[in-house]
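Chemist: One structure, as structure tokens, below. Some questions next.
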Amino acid sequence: MFGYGRNHFTWNGTLRELEGSYTAFCTERSGPSMTTAPPSSSSGLEVLLSALQNAGDVESTLNILSVLDELLSAGTDRRIHYMIRKGGSEALLTALVNTGRSFSPNYTVLLPLLHLLAKVGHRDRRIGVKAEDAGAVRLTLNLLKHNVTHARRAAACLWVIQVFCSSVSTANLIGESHGLDVIYHLIPQYTTTHLHTVKAAVNAFAALLCTKANVCSAVSKGYISGLLRLYEDWHSKDTQHVAVAVRHALLRCLHKITDSAAGRQALLSQGGIKLLYQTTQMCLLSKSLESLVEPSVQLMRKCLPKTPLPLTSDQSAYTFPLPGGPRAVPDMDVAPDDSSEESDDEEAEDNQEEGSRDYDDDLEIDLTKLRLRPDPDRPKELLPQYSRLCPELSHNFEELDLSSEPEDSSTASSSSSDEESVPLNSFSSRRRCSDSSPSSSGKHSAAQLEPRDFHSHSSIFSSSPSFRNMVREAREDPPPVQRGDEEDDDEEGEEESHHSAMIDRLLERHGACIPHHEPKLYRSAATKTKSIPGFSILAFPDFWGHLPPPGHEPMAPRKPNIQRQKVFEDVQRFLNSDDIVNHVVFDLEDDSLQRPSDSLRFFSKFECGNLRKAIQVRRYEYDLILNADANCSQHNQWFYFEVSNMVADIPYRFNVINCEKSNSQFNYGMQPVLYSVREALEGRPQWVRTGTEVCYFRNHFCPVQGRRRTAFYTLTFTITFKHNEDVCYLAYHYPYPYSALKAHLTVLQKSVDPAKLFFQQQILCGTLAGNSCPVVTITACPASRAWKDMHQLRNRPCIVLTGRVHPGESNASWVMKGTLEFLCSSDPVAQSLREAFVFKIIPMLNPDGVINGTNRCDLNGEDLNRQWCKPDPILSPTIYHTKGFLYYLNSTGRTPRVFCDYHGHSRKKNVFLYGCSVKETLWQSGSTVDTVGLKEDPGYRTIPKTLDRIAPAFSFNSCNYLVEKSRSATARVVVWREIGVLRSYTMESTYNGCDQGIYKGLQIGTRELQEMGVKFCQSLLSVTKDMKTLYSKRLISHIDLDHSILDHKSHNCFEDDEPPCVEEIEYSTDCPALKGTDLDSDVNSNMANADEEEEGDKGHRGEKHRVGSTGQSQQSSLKSHLFPHQIRQTSIEALNEKRQTCNAVSLTNGQIFS
């Protein structure tokens, strides 16, 4: 490890020299009693350690300790660890026992021995166990008891005890020997003398509190109250801030002792929260006390009493009766029977997105599971039913010979509806909103509508006539005169006609031309959508549509210490309830709530909506509680709700208090999105990023039933609304409802030329709630009905794309929207792709979850992306039939060329792919399997590499191709393993933005997400067989390959995950040590002035110790200060005499010279 040169001092060289000379050296000074030496094969260090254990006089022991200290101090920790491996800790402990067990110990030897033992033992993980074996634990405690009045001796014993406590059993042994009491009583009230000893006592006490037994003992003896009073005393009297280290150490004790519930309760009952809050506010006034603020804040967070969420139950407000009885396979065109009893609630096993836990021990290393394809999960006789999902194979393409209109063509969707009769262009202009107010008669006209008329209590966007009757009753309008049934029907029809006419005028006046969006089609689709609560209201943004903002939106800068500020506000809520309103203003389960007239109004009973409860905490602050996924009690993250009755230019704080993910991109520049009705009526129908003072951290709330190991996190943000009495919508991310998908597919179907593009929408199956799961086929029509052209069509490879298996990942739907629109466009690349492939697209695998606003699961309470191994045909019909369709394609020789499942990722930036590779999995896991002989097609990297060149939001370095055990039931792994698709991917899109390329520092929007869908399609050119034709100049010119723009250098970005948040998201389990005040520097400062008498002027000495204890750096702490100058000089001179022939180095005053 260390070489020995002619002109350079090295440790091993010195020890080898000592090996041959030290025996004579000791004999000369001590006589024959010390002539026993280790065998000649021993190293010089072993000679020293053996001599230390057998030394018989003070001078020899001091000389050996001096040599060890000099050698260990002149270098890094590697030397100390080498000494530990050679038995250094045992030798020091033996010497301690031999020296300390006498009736009158010699402290001239004991002090340097204790100091060296503290420095070495601090780096030995087993020092506590070794000390117990050597009998040094109780001996050191006894030495402390006999030297409580000797500051330097007591400090040395305390440091050694602190080191011993690295072992739980040793700490318990000291506690059983009354060490806890002895050390606690060594901690004095404020003093300026012997600060290093006081600090040593506090740190030793904190070290003892590493065990449950000692914590229980300390709590039962009332030590928490004493520690709080001590901290208060030191805080109030340390006006010059010379004892910051002691105050910090006291906070460490409080951190340790409050690791138990009894400790937290004791601190709470003793007014600890109030004391910590008051002292922290004073610390904020001085920069020199910054090191005390964060430990105090963390301690307050940890000790705030656990508060159950103000709910009647942890279970979701939405329950759905699951089908029971025999598990017969339902017909694909018939919705499953939902009339049976409700089943037991199920909890999803994993609520993390793919790729958030790529641990080596989770990697699949069983070569059999990686390479062999398992048997199908169903008999082959069931597969022919999926032949109908390949209509391009049976279609006769008669329109190639006819000049029929698109709406009369056979490319129409297999499901007919009255949506097709609605004109696509019901408006053509965009006008500004009128400023006139509603007429006094209460009859609205399009010119008189105000934003407040569009809130949830308005009847304008109701999809149900009966709802408008309820609104009329709620407003206490005069009931109509009693008429016969026919007259009532006539009135209802007249009202419906008036209602439709008003919407027509409204769209004509204020509607914006949004591509591929038709409000009437959306409303028509929404009336057929089935939800658990029976939604009858349309959210305005979904009906009206969305246009991306004209510019990019940068990530929000994080205000320094913003989380701390929010925690202080929450602590104030606990300490002072004078300004607390605590009034429930919205409850999903209670429509009869009386709301204060000046409070915000909330609503979430619409498609994709999620807000269970809103509580007004202060005048302009609201706690929001999200609804758990249907039929379960967890997965709270997605939110989407309406808010109205606001006052402009007033900052409102919103706290979403029951989020479940342990970290979020909200800590890294992400903002929620907002849609303003007034802005939309004025020609700006846009979801925009909004919110200031955004942060995400763990809170003190807990489940109602007290589920173990369940922590909740707060997402807090502040919004200042632009307009009075506006109606706004807030969401976790850009919403994309199921009804919007249905309307979008209808618009796309009407927009294509059936003579050129084959577009057919079919129903894959029915969902649990009875909604249809659409599957779309897109390909190019053959050039003619000739055999050659038809043969080429029927032999085109398939590409299967799926999305939205997790309802909260709405970004996946925006990417899918971009894919669908591109494939239906006239772009030459899209045309070439249609001619090369048949696209089978299932845009939304979990319609019921999307409709009902769940975050992760379907109505069965299960994560559908964990059901692919053996999906239940009744409880997971969309997964069952998607997998069945893939089996069918495989059985007919049409195994998909590419499979990609679109997802969203809440913890990473950029867009990236996860794939599957046997070799990369084995390499990453460190498997002993020889991969040289394994043959694997590297084509799984083709698409990611292509995307890295053409897609500015894509990050190649965030991709991985590992097969994890925990992901074995996901679509990506199952399709790769069971169907045999080499290019089976999960595409993850960030909720936040990018940290590389032209989008670096920008939040991602719907424009960029749709662009990603386009770029993914363009990357598919790389997997076509006829590369020469497809990569022609004609196509390349339509793919942006400007390297000066797209060189986002993802290959230089090796960090996939975010760095730790600048503020602690979790409660700190311990209080970190102050910089520059580690154990080495404390030990060195204790011996800085060896000539000083222990019983001298304590005040004068205390000042010197105080200066020395706070000014040491890491490098200076390694230099030796353990021994008096005279002793060090004598030993160095003796060593130099023995080195005359080596011409190596000389040691002077602890320094090394060549």
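Chemist: When residues of segment 650-665 are filtered for being touching a strand residue (DSSP E or B) at 6+ places or on another chain (Cβ under 6 Å) and part of a loop (DSSP other than H, G, I, E, B), how many remain?
Modeler: Within segment 650-665, residues that are touching a strand residue (DSSP E or B) at 6+ places or on another chain (Cβ under 6 Å) and part of a loop (DSSP other than H, G, I, E, B) number 1.
Chemist: All but one of (1) under 22 Å from C210 (Cα atoms); (2) open to solvent by 10 Å² or more (accessible area, probe 1.4 Å); (3) over 46 Å from the mean Cα position of the chain (by Cα) hold for S104; which doesn't?
Modeler: The one condition S104 does not meet is (1).
Chemist: Taking the conditions exactly as written (crowded, with 17+ Cβ neighbours inside 10 Å, at pLDDT 95 or above and under 30 Å from R618 (Cβ atoms)), does A526 satisfy them or not?
Modeler: Values: crowded, with 17+ Cβ neighbours inside 10 Å: yes; at pLDDT 95 or above: yes; under 30 Å from R618 (Cβ atoms): no.
No, not satisfied.
Chemist: Then there's this: Evaluate the following for T718: is it under 19 Å from F639 (Cβ atoms), assigned to a strand (DSSP E or B) and at pLDDT 95 or above? Before the answer, list the steps.
Modeler: Details: under 19 Å from F639 (Cβ atoms): yes; assigned to a strand (DSSP E or B): yes; at pLDDT 95 or above: yes.
Yes: the conditions hold for T718.
Chemist: Condition (residue is assigned to a helix (DSSP H, G or I), open to solvent by less than 50 Å² (accessible area, probe 1.4 Å), touching a residue at least 40 places away in the same chain (Cβ under 8 Å) and under 24 Å from S1081 (Cα atoms)) applied to segment 207-225: is it met by at least one residue?
Modeler: Yes; the residues of segment 207-225 include at least one that is assigned to a helix (DSSP H, G or I), open to solvent by less than 50 Å² (accessible area, probe 1.4 Å), touching a residue at least 40 places away in the same chain (Cβ under 8 Å) and under 24 Å from S1081 (Cα atoms).
Chemist: List pairs: first residue in segment 383-396 and more than 17 Å from R796 (Cα to Cα), second residue assigned to a loop (DSSP other than H, G, I, E, B) anywhere in the structure, Cβ distance under 7 angstrom, at least six positions apart or on different chains.
Modeler: Q385/M332
Chemist: Being part of a helix (DSSP H, G or I), at pLDDT 85 or above and open to solvent by less than 20 Å² (accessible area, probe 1.4 Å): is that true of L71 here?
Modeler: Working: part of a helix (DSSP H, G or I): yes; at pLDDT 85 or above: no; open to solvent by less than 20 Å² (accessible area, probe 1.4 Å): yes.
Here the answer is no, as L71 does not meet what is asked.
Chemist: Would you mention how many residues in segment 671-685 are crowded, with 20+ Cβ neighbours inside 10 Å and either assigned to a helix (DSSP H, G or I) or in contact (Cβ under 8 Å) with a residue 60 or more places away in the chain (or both)?
Modeler: Here is the first cut: in segment 671-685, the residues crowded, with 20+ Cβ neighbours inside 10 Å are 671-678, 680-681, 685.
Checking the rest, the ones that are also either assigned to a helix (DSSP H, G or I) or in contact (Cβ under 8 Å) with a residue 60 or more places away in the chain (or both) come to 671-673, 675-678, 680-681, 685.
Summing the residues that are crowded, with 20+ Cβ neighbours inside 10 Å and either assigned to a helix (DSSP H, G or I) or in contact (Cβ under 8 Å) with a residue 60 or more places away in the chain (or both) in segment 671-685 gives 10.
Chemist: Looking at segment 691-740, which of the residues that are of a type in the set (S, T, N, Q) and under 30 Å from T307 (Cβ atoms) is surrounded by the fewest Cβ atoms within 10 Å (Cβ to Cβ)?
Modeler: Step one: list which residues in segment 691-740 are of a type in the set (S, T, N, Q), which gives 692, 699, 705, 710, 714, 716, 718, 720, 724, 739.
Now restrict to residues that are under 30 Å from T307 (Cβ atoms): 692, 699, 705, 710, 714, 716, 718, 720.
Values: T692: 15, N699: 23, Q705: 12, T710: 15, T714: 22, T716: 27, T718: 17, T720: 14.
Among those that are of a type in the set (S, T, N, Q) and under 30 Å from T307 (Cβ atoms), it is Q705.
Yes/no per residue for (1) within 21 Å of S662 (Cα to Cα); (2) surrounded by fewer than 23 Cβ atoms within 10 Å (Cβ to Cβ); (3) at pLDDT 95 or above; (4) among the small types (G, A, S):
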| residue | (1), (2), (3), (4) |
| --- | --- |
| A556 | yes, yes, yes, yes |
| K566 | yes, yes, yes, no |
| N576 | no, yes, no, no |
| F586 | no, no, yes, no |
| K605 | no, yes, yes, no |
| L611 | yes, no, yes, no |
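Chemist: Further, regarding this structure: Give all pairs with beta carbons closer than 6 Å in which a residue from segment 645-670 that is under 28 Å from E725 (Cβ atoms) meets a residue that is of a type in the set (K, R) and outside any loop (DSSP other than H, G, I, E, B); count only pairs at least 6 apart in sequence or on separate chains.
Modeler: Note: pairs meeting the criteria are N645/R601.
Chemist: Find the helices (runs of 4 or more DSSP H) located wholly in segment 964-1046 whose residues include 1 or more that are at pLDDT below 85, open to solvent by less than 40 Å² (accessible area, probe 1.4 Å) and out of contact with any Lys or Arg (no Cβ under 8 Å at 6 or more places or on another chain), and list them.
Modeler: On the way: elements: 971-974, 1006-1019, 1027-1030, 1033-1036, 1043-1046.
So the answer is 1027-1030, 1033-1036.
Chemist: Return yes or no: is P797 open to solvent by 10 Å² or more (accessible area, probe 1.4 Å) and either touching an Asp or Glu at 6+ places or on another chain (Cβ under 6 Å) or modelled with pLDDT of 95 or more (or both)?
Modeler: Values: open to solvent by 10 Å² or more (accessible area, probe 1.4 Å): yes; either touching an Asp or Glu at 6+ places or on another chain (Cβ under 6 Å) or modelled with pLDDT of 95 or more (or both): yes.
Criteria met by P797.
Chemist: While we're looking at this one, here's another question. Are any of the residues in segment 120-135 within 18 Å of S167 (Cβ to Cβ), open to solvent by 30 Å² or more (accessible area, probe 1.4 Å), basic (K, R) and over 44 Å from the mean Cα position of the chain (by Cα)? Spell out how you get there, then give the answer.
Modeler: So in segment 120-135, the residues within 18 Å of S167 (Cβ to Cβ) come out as 120-135.
When the remaining residues are screened for being open to solvent by 30 Å² or more (accessible area, probe 1.4 Å), the result is 122-123, 125-126, 129, 132-135.
Right, trim to basic (K, R) and you get 123, 125-126.
From the residues that got through so far, the ones that are over 44 Å from the mean Cα position of the chain (by Cα) too are none.
No, segment 120-135 contains no residue that is within 18 Å of S167 (Cβ to Cβ), open to solvent by 30 Å² or more (accessible area, probe 1.4 Å), basic (K, R) and over 44 Å from the mean Cα position of the chain (by Cα).
The values are calculated or read from the model by the stated rules, or taken from the named source; none is laboratory data. Small disclaimer: the values here were computed from a predicted structure and weren't measured. Please note: Cβ atoms are built from the backbone with ideal geometry, for glycine as well, and neighbour counts cover all protein chains shown. Accessible surface areas use protein heavy atoms only, side chains included; no ligands, DNA or RNA. Shrake-Rupley method; radii C 1.70, N 1.55, O 1.52, S 1.80 Å.
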